Amino acid sequence: MLKIEIENWNGTVIKPQLGNETIFSFFTENDSYFPTEQQVMLNFQVHDINETIKHLEHIGVPLVKKKEISEFGKFIWIKDPEGRLIELWEK
């Protein structure tokens, strides 16, 4: 209906302009990557993950787990005040 092509990683990237992306990913109910107790996880792309970590430490926001590095980039996770997981990603 929306003509959004879902790629083999179960998501899609929408690029409204160069250097700006919106990513939609779908998770199965029992996927270990996505918490089952929440309906949505926000993912924000950052320019420098290490500077972001320093800033979060400075303002007292703890990381949920350690930084992960993969072929897709560098990732960290925090929680919002209601406990929803937020992913921060340096491409």
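With +1 assigned to the C-beta of every Lys and Arg and -1 to the C-beta of every Asp and Glu, and no other charges, what is the dipole magnitude of region 11-90 about the Cα centre in debye, to the nearest 20?
So the dipole magnitude of region 11-90 works out to roughly 140 debye.
For a quick check of your reading of the filter: which GluC sites (Glu not before Pro) in region 44-75 sit in a DSSP loop and have no more than 12 other Cβ atoms within 10 Å? Can you show the working numbers first?
On the way: sites: Glu51, Glu57, Glu68, Glu71; in loops: Glu71.
Answer by residue number: Glu71.
Shape verdict for region 11-90, please, from the Cα gyration tensor: rounded (a/c under 1.5), prolate (a/b greater than b/c) or oblate.
oblate
Sort Phe27, Phe44, Phe75 so the one with the fewest other Cβ atoms within 10 Å of its own Cβ comes first.
Ranked by crowding around the Cβ, least crowded first: Phe44, Phe27, Phe75.
Treat the count of other C-beta atoms within 10 Å as a stand-in for reagent exposure and order Thr12, Thr28, Thr52 from fewest to most. Let's see the in-between values first.
Numbers: Thr12 15, Thr28 10, Thr52 20.
Going from sparsest to densest Cβ surroundings: Thr28, Thr12, Thr52.
We did not get these values from a lab; they are worked out from the coordinates using the rules stated. The shown structure was predicted, so the numbers you read here are calculated from the model rather than taken from an experiment. Cβ: placed from backbone, ideal geometry, glycine included. Neighbour counts: every protein chain shown.
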